[in-house]
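Shown next, in structure tokens, is the structure this report addresses.
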Amino acid sequence: MELPVVNHKDYVAKIDDDHKFPIKKFGELAKHLIEKKVVSKFYEPTPCSIETLKEAHSERYILDVQNKKLSEKDIKKIGFPLNDSVVRRSFVATGGTVLASKLAINYGIACNTAGGSHHANFDGGAGYCVFNDVAVAAQYLLNRGLANRILIVDLDVHQGNGNSEIFKDNKNVFTFSMHSKSNYPAKKSESDLDVELKDNTEDKEYLDILKFNLVNLNDENFDFMFYIAGVDVHHEDRLGKLKLTDQGIKLRDNIVIDNFFSKRIPICGVLGGGYNKDFNKLIELHSSLHKTCAKYI
């Protein structure tokens, strides 16, 4: 038995080679996981259906993305060109997190090699996020009775403002975001639990704060957990403002996965952000999620 991991070649969309977003990381991460024998094969998702997307996004927005009819202002807010491959990727990557969430229920733990598009809200995208895959998958599980109380643990360096906005009136989803106070988005929304970190926070302080908050969350009665394992908390990230080391990120992933797996709460891990100055280092850091989860299968 090996860790169920979802991947699709269309996670790599066509954007400019000099684009700030390292789109090629999705293909290279998949290769790395095969080479390191973390997995021998991937589960392949189908594009998320409009019906499923409508559980977390407005139909108008979904169709405007599908038909490439977003305004220039809305496209600029997302930060990607709205071409066929970006549209395809948005539907497929969201379908990937929905599939990974179902695999997590079956196997106790599963991962996507993309996902964590946490800046997209009900009627628009932002910050390299077109559709909010975790929000879509969470609603999918709730609406089908596959989960009753869901926790989103978001450890990307940026606040998960899309999730907190989508679920602000939903008592069945608890949003926990631990992020850089001074980073994007400039105007934060209100999660169920926000932990704002000062610039240059290092491993020990970060991990102590994380453990403290997990202990409090353990008093709640969750039956499913999404983990957004952004590695833009790394000290060499171009867009992060924190100072975690390689080891700090590995310890973080271990703490989170062990905490919830030991309570038999199904875990769906998704990538989150990462913009490391060293591309090969970025792949290695992202793979920490999958390597950590694989220990529990």
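Output the residue which, of all residues in the stretch 182-197 that are within 19 Å of the chain's Cα centre (by Cα) and part of a loop (DSSP other than H, G, I, E, B), is surrounded by the fewest Cβ atoms within 10 Å (Cβ to Cβ). The qualifying residue surrounded by the fewest Cβ atoms within 10 Å (Cβ to Cβ) is GLU190.
Just wondering, is there one or more residues in the stretch 100-108 that are aliphatic (A, V, I, L, M), in contact with a helix residue (DSSP H, G or I) (Cβ under 7 Å, 6 or more places away or on another chain) and crowded, with 24+ Cβ neighbours inside 10 Å?
Going residue by residue through the stretch 100-108, those that are aliphatic (A, V, I, L, M) are 100, 103-105.
Pick out the ones that are also in contact with a helix residue (DSSP H, G or I) (Cβ under 7 Å, 6 or more places away or on another chain) and you get none.
No, the stretch 100-108 contains no residue that is aliphatic (A, V, I, L, M), in contact with a helix residue (DSSP H, G or I) (Cβ under 7 Å, 6 or more places away or on another chain) and crowded, with 24+ Cβ neighbours inside 10 Å.
Filtering the stretch 198-211 to residues that are touching a strand residue (DSSP E or B) at 6+ places or on another chain (Cβ under 9 Å) and either part of a loop (DSSP other than H, G, I, E, B) or without any contact (Cβ under 8 Å) to a residue 40 or more places away in the chain (or both) leaves LYS198, ASP199, ASN200, THR201, GLU205, ILE209. When restricted to residues that are more than 15 Å from PHE226 (Cβ to Cβ) and free of Cβ contacts under 8 Å to residues at least 40 places away in the same chain, the stretch 160-197 contains 13. Being in contact with a Ser or Thr (Cβ under 9 Å, 6 or more places away or on another chain), surrounded by fewer than 18 Cβ atoms within 10 Å (Cβ to Cβ) and either closer than 27 Å to GLU284 by Cα or not aromatic (Phe, Trp, Tyr) (or both) is a description that does not apply to GLU35.
Does any residue of the stretch 279-290 turn out to be buried (at least 17 other Cβ atoms within 10 Å of the Cβ) and in contact with a Cys (Cβ under 8 Å, 6 or more places away or on another chain)? Yes - at least one qualifying residue is present in the stretch 279-290. Here is a check on your reading of the model: is LEU155 within 18 Å of the chain's Cα centre (by Cα), over 15 Å from VAL173 (Cβ atoms) and in contact (Cβ under 8 Å) with a residue 40 or more places away in the chain? In short, yes. Among residues that are within 20 Å of CYS268 (Cα to Cα) and either of a type in the set (Asp, Glu) or surrounded by fewer than 17 Cβ atoms within 10 Å (Cβ to Cβ) (or both), LYS211 is included.
Could you look through the stretch 171-181, keep only residues that are within 16 Å of LEU155 (Cβ to Cβ) and of a type outside the set (Gly, Ala, Ser), and pick out the one that is farthest from the chain's Cα centre (by Cα)? Only one residue tops the list, namely LYS181. Checked against (1) among the aliphatic types (A, V, I, L, M); (2) under 20 Å from the mean Cα position of the chain (by Cα); (3) part of a helix (DSSP H, G or I), LEU63 meets all criteria but (2).
Filtering THR97, THR52 for residues that are within 21 Å of the chain's Cα centre (by Cα) and surrounded by 22 or more Cβ atoms within 10 Å (Cβ to Cβ) leaves a single hit, THR97. Here ASN259 passes the criteria (1) assigned to a helix (DSSP H, G or I); (2) of a type outside the set (Ser, Thr, Tyr); (3) surrounded by fewer than 19 Cβ atoms within 10 Å (Cβ to Cβ) except the one numbered (3).
Criterion first (surrounded by fewer than 19 Cβ atoms within 10 Å (Cβ to Cβ), of a type in the set (Lys, Arg), in contact with a Phe, Trp or Tyr (Cβ under 8 Å, 6 or more places away or on another chain) and modelled with pLDDT of 95 or more) does ARG144 satisfy it? Judged against the criteria, ARG144 is not a match.
The values are calculated or read from the model by the stated rules, or taken from the named source; none is laboratory data. These numbers were taken from a predicted model, which means no experiment stands behind them. Glycine gets a Cβ as well: all are built from the backbone with ideal geometry, and neighbour counts include every protein chain shown.
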